[in-house]
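Only one structure is covered here, and it is reproduced in the block below.
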Amino acid sequence: MKIVRLVYASRLANDMGPDALGKIIDVSRRNNQKLGITGALCYSPRGFLQILEGPADAVNELYRRIVQDPRHAKPTLLEFAVVPFREFESWSMAYIRTDELAAALLHKYSSGKLFDPFRLSPEQARFFLLAITQLRANHLARQEQAARAPARKSARKTSRAKKR
C-alpha cells in the first residue's frame, strides 16, 4: 500500500471561533486513527498549516472533505507526494498554535515578520511541522516526568517510614 504525504494551508472561516477548533481537533484525531492517517496541524491567526500522511485513498478522501468544508477558506495544496515512510507516525494529529512557539522558530521559517503558512514552500512547511512536533513531544515528555516526580517522592517517604 502506498503512503502519501499531503501538505496544505487554509484560512479559518470568518464565522468560526477558536473554541470550535478544539472540538474539531478531538473528532479529527479519532477519525484519523481509524483511517490510518497521521500528521500535524499548526494554527496561526493567519491560517492553518497541516500535513497528512497515510494510505492514498484515505488521505485523498480526507482532503476532498476539507476542501468542501465551509469552515476552511482558501484551502491551498502545497505538496502531494508518494513517500517511503511516515514522518509523523506517533501522531494521529499533533496540534500546535503559533502563540505557543518561540518567535525565533517562527522567524526561522518565515519570509516576513508574521508567520503565514501560505508563503511556505512544501519543504519549509514539512520541516517546520517536524520541528514543532518535536518540540511538542519534548514538552509532553517533561510534563509526564514532572507528574511522576511527586509520586516517586511520596513512595520514597512511605518506604522510609516503613523501615523505621
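Name every residue in the range 101-138 that is closer than 18 Å to Ser44 by Cβ, free of Cβ contacts under 8 Å to residues at least 24 places away in the same chain and within 14 Å of the chain's Cα centre (by Cα), in order of residue number.
Across the range 101-138, the qualifying residue is only Phe127.
Among the candidates Arg86, Arg5, Arg65, single out the residue that is more than 30 Å from Ser111 (Cβ to Cβ) and at pLDDT 90 or above.
After ruling out the rest, the residue left standing is Arg65.
Tell me which residues, restricted to the range 106-140, are of a type in the set (A, V, I, L, M) and in a helix (DSSP H, G or I).
Residues satisfying the conditions are Leu106, Ala125, Leu129, Leu130, Ala131, Ile132, Leu135, Ala137, Leu140.
Could you tell me which residue of the range 13-30 is modelled with the highest pLDDT, considering only residues that are surrounded by 10 or more Cβ atoms within 10 Å (Cβ to Cβ) and part of a loop (DSSP other than H, G, I, E, B)?
Per the criteria, the residue is Ala13.
The values are calculated or read from the model by the stated rules, or taken from the named source; none is laboratory data. Quantities reported herein were computed from a predicted structural model and do not represent experimental measurements. When we count neighbours, we look across all protein chains shown, and the Cβ atoms used for this are built from the backbone with ideal geometry, even at glycine.
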